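Just below is one structure, and these are the notes that go with it.
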Amino acid sequence: MKIPSQFDAIVVGAGPSGNAAAYVMAKSGLKVLQIERGEYPGSKNVQGAILYANALEEIIPDFRDDAPLERHIIEQRMWMLDETSFVGTHLRSDDYNKPPYNRYTIIRAQFDKWFSSKVREAGALLICETTVNHLILDNDQVVGVQCDREQGDVYAGVVILADGVNSTLARKAGFHNEIQASNVALAVKEILFMPEETIGQRFNIGDEEGVVIEMVGRITDGMVGTGFLYTNRESLTIGVGCMLSDFKKNPNRTSPYVLLEEMKHHPAIAPLIAGGEMKEYCAHLIPEGGFNAIPQVYGNGWMIVGDSGGFVNAAHREGSNLAMTTGRLAAETVIAAKAAGRGYGANELSVYKAALDDSFVMKDLYKYRDMPNILHRNPQFFTTYPDLVANAARTMFTVDGVDKKTKKHEVMASFRRSRSLTGLVGDAYKLWRAFR
Ligand SMILES: Cc1cc2nc3c(=O)[nH]c(=O)nc-3n(C[C@H](O)[C@H](O)[C@H](O)COP(=O)(O)OP(=O)(O)OC[C@H]3O[C@@H](n4cnc5c(N)ncnc54)[C@H](O)[C@@H]3O)c2cc1C
């Protein structure tokens with residue numbers, strides 16, 4: 001039996017991927033329904049958050065006119081921390097201080113609300129506080145969704161799953177497997193409010209300028225993971241995330257909350273956040289499986305976009321950038337399929353996968369395809385090396401009457417003691433493979 005569709009497309013979820021998909025389709029005149037389980041778009045969402053301008057620019061070129069942006073980033077710091085020190089690199093460039101800016105800090109609750117207002121202006125219908133429980137199938141063709149409401153069955157030509165990292169819908173429908181602890185990180189973060197002038201002084205930045213600090217080392221208690229500290233206009237975001245599988249086997253049974261608390265007390269971090277008033281605390285999963293963990297992302301009447309498909313590039317963590325790009329490409333596929341009038345079978349929707357393969361999304365995921373495996377199996381990059389590098393720098397920079405040649409030998413010996421010569425060579429090769 002042919003069930004009449006009430007909509008051209010249903011988008012499940014109103015995060016960056018769902019909003020991108022719904023906006024692009026509605027803008028081109030398609031009848032779009034978007035369903036979000038949160039009280040409002042953004043209420044359930046967590047991000048650092050750095051917004052990379054490029055993906056949004058492709059969708060809303062003049063987004064800078066009214067999007068709630070915090071600060072544009074002019075300085076990127078990478079720190080390796082041991083118990084008491086950090087060794088790092090800073091890239092600060094005046095080129096990043098000229099519009100159009102390349103990236104911004106944002107607060108997701110505000111940003112998602114703004115993006116959603118654009119989606120509705122474009123003509124999509126948004127229903128919040130509604131959870132999609134199941135996909136409705138007609139043989140093997142997805143023809144609609146079943147919601148947790150009375151008379152909650154809605155029909156459409158195509159359903160786009162933009163329901164985030166723990167996509168229960170895709171699992172229930174058998175589109176992908178149970179999420180694996182070794183393929184996701186669990187991250188916690190806080191937003192700490194403090195006066196704008198204090199942020200300016202502590203980070204050496206002007207009114208709208210921002211700094212990003214990414215960190216590895218002792219802060220993750222031997223687990224594979226990273227920490228981050230971002231400057232918003234009147235607040236700082238601080239967070240840390242480690243592989244879920246590592247939390248499970250952590251011998252100290254360190255909880256994510258304790259990890260963040262301890263990180264906040266690190267002597268390199270504590271002075272930067274001192275006096276900050278905590279206003280928000282949240283925890284969320286991040287897909288970390290990379291290229292090899294991407295499932296089938298299209299089929300008869302369905303496509304998967306954003307975190308739901310695991311589209312996060314472990315090397316750069318620009319999840320929202322990939323989310324918006326995948327949402328846009330899925331939407332363009334629907335628009336083309338509707339114009340062709342041949343329905344929304346897997347054959348028509350395979351154009352989405354071809355577009356993904358042709359874009360930076362799959363190219364970057366492929367480039368770093370070995371990274372998740374290599375980093376997850378070699379925790380020394382997150383533990384031993386930050387210690388060794390910090391110790392080496394301290395030894396070389398401390399003036400204490402010991403000659404530099406002796407210090408150099410001491411440093412080399414400390415590396416050999418910890419990792420052996422073959423270990424060091426092997427690690428260099430692994431690192432090359434991870435980033436090649
Ligand atoms: C701590 C942290 C820091 C991060 N930092 C950055 C960063 O700085 N930069 C960056 O680019 N990325 C970052 N990311 C990644 C980024 O947040 C994600 O990649 C991005 O949010 C993915 O967008 P999405 O739309 O696919 O999923 P989500 O943003 O998770 O949105 C999914 C939406 O679907 C809704 N939903 C789920 N199930 C249902 C259902 N059954 N029915 C109805 N609605 C449903 C949810 O409520 C949610 O609104 C970070 C992630 C975390 C956790």
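Taken together, G222, G227, G319 contain a single residue that is more than 11 Å from the ligand (Cβ to nearest atom), within 26 Å of I374 (Cβ to Cβ) and touching a Phe, Trp or Tyr at 6+ places or on another chain (Cβ under 9 Å), which is G222.
Do the conditions hold for A14, that is, is it within 16 Å of the ligand (Cβ to nearest atom) and assigned to a loop (DSSP other than H, G, I, E, B)? For A14, the condition - within 16 Å of the ligand (Cβ to nearest atom) and assigned to a loop (DSSP other than H, G, I, E, B) - is met.
Any residue at all in the range 141-159 that's of a type in the set (D, E, K, R) and touching a residue at least 40 places away in the same chain (Cβ under 8 Å)?
no
Residue count for the range 262-300 satisfying the condition of being more than 16 Å from the ligand (Cβ to nearest atom) and within 16 Å of D163 (Cα to Cα): 1.
Hey, any hits in the range 37-57 for a residue that's more than 16 Å from the ligand (Cβ to nearest atom) and either part of a strand (DSSP E or B) or in contact (Cβ under 8 Å) with a residue 12 or more places away in the chain (or both)? Looking for residues that are more than 16 Å from the ligand (Cβ to nearest atom) and either part of a strand (DSSP E or B) or in contact (Cβ under 8 Å) with a residue 12 or more places away in the chain (or both), one finds none in the range 37-57, hence no. Selection over the range 200-217 of residues that are buried (at least 23 other Cβ atoms within 10 Å of the Cβ) and on the phi < 0 side of the Ramachandran plot gives a count of 4.
Of all the residues in the range 17-36, those that are more than 7 Å from the ligand (Cβ to nearest atom) and assigned to a strand (DSSP E or B) number 3. When E129 is tested against (1) over 23 Å from the mean Cα position of the chain (by Cα); (2) more than 11 Å from the ligand (Cβ to nearest atom), only condition (2) is not met.
Here I304 does not fit the description of being within 16 Å of the ligand (Cβ to nearest atom), among the β-branched types (V, I, T) and modelled with pLDDT under 95. Restricting attention to the range 200-221 and to residues that are closer than 15 Å to R92 by Cα and assigned to a strand (DSSP E or B), the residue that is farthest from the chain's Cα centre (by Cα) turns out to be E209. Can you tell me which residues in the range 58-87 are among the small types (G, A, S) and either within 14 Å of the ligand (Cβ to nearest atom) or free of Cβ contacts under 8 Å to residues at least 60 places away in the same chain (or both)? Within the range 58-87, just A67 meets the criteria.
Only strands (runs of 3 or more DSSP E) whose full extent lies in the range 222-325 are considered here, and the ones with at least 3 residues that are crowded, with 17+ Cβ neighbours inside 10 Å and aliphatic (A, V, I, L, M) are 235-243. Only one entry in L329, L349 is within 15 Å of the ligand (Cβ to nearest atom) and either surrounded by 15 or more Cβ atoms within 10 Å (Cβ to Cβ) or on the phi < 0 side of the Ramachandran plot (or both), namely L329. Kindly establish whether R77 is in contact with a Gly (Cβ under 6 Å, 6 or more places away or on another chain) and either in a loop (DSSP other than H, G, I, E, B) or outside the structural domain of E214 (by TED's automatic domain parsing) (or both). Spelling it out, R77 is indeed in contact with a Gly (Cβ under 6 Å, 6 or more places away or on another chain) and either in a loop (DSSP other than H, G, I, E, B) or outside the structural domain of E214 (by TED's automatic domain parsing) (or both).
So, D94, is that one under 16 Å from Y23 (Cβ atoms) and surrounded by fewer than 18 Cβ atoms within 10 Å (Cβ to Cβ) or not?
Considered against the rule, which asks whether it is under 16 Å from Y23 (Cβ atoms) and surrounded by fewer than 18 Cβ atoms within 10 Å (Cβ to Cβ), D94 comes out as no.
Looking for whichever is over 21 Å from M78 (Cα atoms), outside the structural domain of G164 (by TED's automatic domain parsing) and of a type in the set (A, V, I, L, M) here; the options are L272, L186, L244. Which one fits?
Numbers: L272 fails: over 21 Å from M78 (Cα atoms); L186 fails: over 21 Å from M78 (Cα atoms).
Criteria check complete, one pass: L244.
Taking (1) surrounded by fewer than 18 Cβ atoms within 10 Å (Cβ to Cβ); (2) assigned to a helix (DSSP H, G or I) in turn, A355 satisfies each apart from (1).
The C-beta contact set for the range 112-139 (first residue closer than 26 Å to N300 by Cβ, second residue polar (S, T, N, Q) and surrounded by fewer than 17 Cβ atoms within 10 Å (Cβ to Cβ), distance under 8 angstrom, 6+ apart or interchain) comprises V132/Q146; N133/Q146; H134/Q146; L135/Q146; I136/Q146.
The values are calculated or read from the model by the stated rules, or taken from the named source; none is laboratory data. These numbers come from a predicted model, not from an experiment. With ideal geometry, Cβ positions are generated from the backbone for all residues, glycine too; neighbour counts draw on all protein chains shown.
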